Structures are given as structure tokens and as C-alpha cells.
Amino acid sequence: MRCGFERARIFLLCKKKKTTFWRWHVISREHQINDEIRAREVRLVGADGEQIGIKSIRDALQLAIELNLDLVNVAPTAKPPVCRIMDYGKFRYEQQKKEKEARKNQKVVDLKEVWFRANIDENDYQTKYRNVIKFLNEGDKVKASVRFRGREIAHASLGQKILDRLSKEVAELCSVERAPKLEGRSMIMILAPKTTS
């Protein structure tokens, strides 16, 4: 645990670098606001999106103060920098809300692995086949592997037959992203679900 002196030193360092200190993590702010803007002149955009024109930083700040809003540098690399008059807190809230919504709608594709043996019994094969079907229907990729133990590696063609059979039986649900390939003592094939349009 950090002592009080070390916390204060870190806080002062963060203050110098124009970052916000929150729950003992450093979060950098992506926009310069109000007094942090160091340009002499800025291209000013009003609160409603209208172009006001090129103004000195003092005039732009004064206009933002009169409207009880913030002056935010939205394009610092432009010549002159583009600043907009807006409520920065509301802007950040809307941005975080959009990011959260995008993350919620995003589908994370997992890679599920199913192991086969070179001399697998038919019942075991059917059980693993049903698992592959289930994973593909859930939208996950499947890594189908055949493990070879001892001298089984001399009969790699048996593993190739198992993986070929599997790929033919699930052809309507997926496409073969990576063909069966021998890696060490395993033969690996990756199946990706077909995208529904």
C-alpha cells in the first residue's frame, strides 16, 4: 500500500501532465479545455455548430464563459486549432454512453477446442460432433484437434480422415478457416461459423 507522501507526489505529477487522478489510476484526458488551450488564435465553432470564425483565445474563452459553457480543443493539430463551445461534462457522458452501447452490441467470438483421438469410438465421435454443432450454433469458432500418443503419430492419415469427416458433416454450418495440419503430436483444424446476412 502506498504511503500518503507517495500518493501526493503521484497526484502532483498527474496534475502537471494534465491528467485526471481517479481511484489511484491515471486517466488521461483526450481534449484540452478552457485554460489548458495554449494557442494564440483558434477557429471557433459555436454551441449550435455554427462557424464563428478565427478568434483570439481570450475572446473565445470570454464567449464560452458568457454562455456558461466550456471551450474544448477538438482539433489541436489543425492550423489554427479548432475549438468548440460545449458542455464538456455532457459531451463526455454522451461519449461514454455510446461506447458502452457499442460494447453491449458487440459479439465476442470465442475459440472452443474439441479433442479427438486417432482411434476414437463412434459413440465418442458423435458426442464430440454434437459439441462442435453446439459451439458453431452459438457463433464460436471451433479448434478441432486430433492427439497422437506414442506410435500413433506414424498413422497421421487416421487423424486426417477424422477431421475430413467432421468438416464434411458440418459443412452447412461453417467454413474451414484452417485446413488440417500436423503440429507436433497434434493435427489441428479450425472451423469458423458462416455469417448470416
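The values are calculated or read from the model by the stated rules, or taken from the named source; none is laboratory data. Small disclaimer: the values here were computed from a predicted structure and weren't measured. FYI the Cβ positions are ideal-geometry reconstructions off the backbone, even for glycines, and counts take in every protein chain you see.
So here's what we get for this one:
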{"read-out": "So ALA156, is it of a type in the set (Gly, Ala, Ser), touching a helix residue (DSSP H, G or I) at 6+ places or on another chain (Cβ under 8 Å), modelled with pLDDT under 85 and surrounded by 14 or more Cβ atoms within 10 Å (Cβ to Cβ)", "value": "no"}
{"read-out": "Residue under evaluation TYR93, criteria (1) touching an Asp or Glu at 6+ places or on another chain (Cβ under 6 Å); (2) farther than 30 Å from ILE190 by Cα, criterion not met", "value": "(1)"}
{"read-out": "The one condition in (1) outside any strand (DSSP E or B); (2) closer than 12 Å to VAL142 by Cα; (3) under 30 Å from the mean Cα position of the chain (by Cα); (4) not hydrophobic (A, V, I, L, M, F, W, C) that SER167 fails to fulfil", "value": "(3)"}
{"read-out": "Scan of region 141-150 for residues that are modelled with pLDDT of 85 or more and not hydroxyl-bearing (Ser, Thr, Tyr), ordered by number", "value": "LYS141, VAL142, LYS143, ALA144, VAL146, ARG147, PHE148, ARG149"}
{"read-out": "Some residue of region 108-122 being at pLDDT below 80 and of a type in the set (D, E, K, R)", "value": "yes"}
{"read-out": "Checking ALA39 against (1) surrounded by 15 or more Cβ atoms within 10 Å (Cβ to Cβ); (2) modelled with pLDDT under 80; (3) part of a strand (DSSP E or B); (4) of a type in the set (A, V, I, L, M), the condition it does not meet", "value": "(3)"}
{"read-out": "Residues of region 166-178 satisfying the condition of being surrounded by fewer than 17 Cβ atoms within 10 Å (Cβ to Cβ) and in contact with a helix residue (DSSP H, G or I) (Cβ under 8 Å, 6 or more places away or on another chain)", "value": "GLU169, LEU173"}
{"read-out": "Residue selected from region 44-62 under the condition within 35 Å of the chain's Cα centre (by Cα) and over 16 Å from HIS31 (Cα atoms), by the criterion surrounded by the most Cβ atoms within 10 Å (Cβ to Cβ)", "value": "GLY46"}
{"read-out": "Matching residues, region 63-104, being in a helix (DSSP H, G or I) and either among the aliphatic types (A, V, I, L, M) or surrounded by 13 or more Cβ atoms within 10 Å (Cβ to Cβ) (or both)", "value": "LEU63, ALA64, ILE65, TYR88, PHE91, ARG92, ALA102"}
{"read-out": "Residues of region 131-153 that turn out to be of a type in the set (Lys, Arg) and exposed (fewer than 11 other Cβ atoms within 10 Å of the Cβ), as a count", "value": "2"}
